[in-house]
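What follows is a single structure, written as structure tokens, with notes after it.
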Amino acid sequence: MGAQLMKRQGGTGTRRRRARSGGRMSEINVTPFVDVMLVLLIIFMVAAPMLTVGVPIELPRTAAGALPAEQQEPLSVTLTADGRVLIQESEVAPDDLVPRLRAVAAERDDDRLFLRADGNIPYERVMQVMGALNSGGFRSIGLVTDTGGPARGAGTER
């Protein structure tokens, strides 16, 4: 009984006395750190979808499926309804298209490129830009379309 009594008296009494007398605490309070990290996580979750902004064009509709995802971010060239040519999101003059593409092709490992053209652009203009893309060093050109268009030759007509 005497041993138990001594254990209870000596255990917590010294720790409380040190904390009151200005001794250093060896515990780190991580609650404010966790609070800040959760707030930052929510901010990034809300802001991330807003960072992917594209050029508004009306893509033609087809029944083709999507291409598999790649390691490197795909390069895209866009033809707008008013005839402008954009590499990613920066506008390029038609005369500067081939030199800019050659400079980009020299820096990239992949020669794959996605061509997005408004459905109202004449076919001749799309082929002219595809020729420029080929001259610029890109041999694998994927045409971007929207899904939900007619499936021709599949046995059913819509």
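The values are calculated or read from the model by the stated rules, or taken from the named source; none is laboratory data. All of these numbers come straight from a predicted model, not from anything done at the bench. Note: ideal-geometry Cβ built from the backbone for every residue, glycine included; neighbour counts use all protein chains shown.
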What pairs come out if I take residues in the range 75-86 that are touching a residue at least 24 places away in the same chain (Cβ under 8 Å) and pair them with residues that are assigned to a strand (DSSP E or B) and surrounded by fewer than 17 Cβ atoms within 10 Å (Cβ to Cβ) whose C-beta lies under 8 Å away, six or more apart or interchain?
75/112; 75/114; 76/114; 77/114; 85/91
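How about the range 108-126: which of its residues are outside any loop (DSSP other than H, G, I, E, B) and farther than 18 Å from residue 86 by Cβ? Outline the logic, then answer.
Initial filter on the range 108-126 (outside any loop (DSSP other than H, G, I, E, B)): 112-117, 123-126.
The answer is 123, 124.
What strands (runs of 3 or more DSSP E) lie completely within the range 55-98 and have 2 or more residues being among the aliphatic types (A, V, I, L, M) and modelled with pLDDT of 80 or more? Quick ask: steps written out before the conclusion?
Values: elements: 75-79, 85-87, 90-92.
Here the list reads 75-79, 85-87.
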Write out, first by first residue and then by second, each pair whose Cβ atoms fall under 8 Å of each other, whose residues are 6+ apart or on separate chains, and whose first residue, in the range 127-143, is free of Cβ contacts under 8 Å to residues at least 24 places away in the same chain while the second is assigned to a strand (DSSP E or B).
130/115; 130/141; 134/141
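Do you know which of the residues in the range 17-39 that are within 45 Å of the chain's Cα centre (by Cα) and not in a helix (DSSP H, G or I) is modelled with the lowest pLDDT?
Our first condition is that a residue be within 45 Å of the chain's Cα centre (by Cα); within the range 17-39, this holds for 25-39.
Now drop any that are not not in a helix (DSSP H, G or I), which leaves 25-30.
Details: 25: 72, 26: 80, 27: 82, 28: 83, 29: 86, 30: 88.
Checked the range 17-39; the qualifying residue modelled with the lowest pLDDT is 25.
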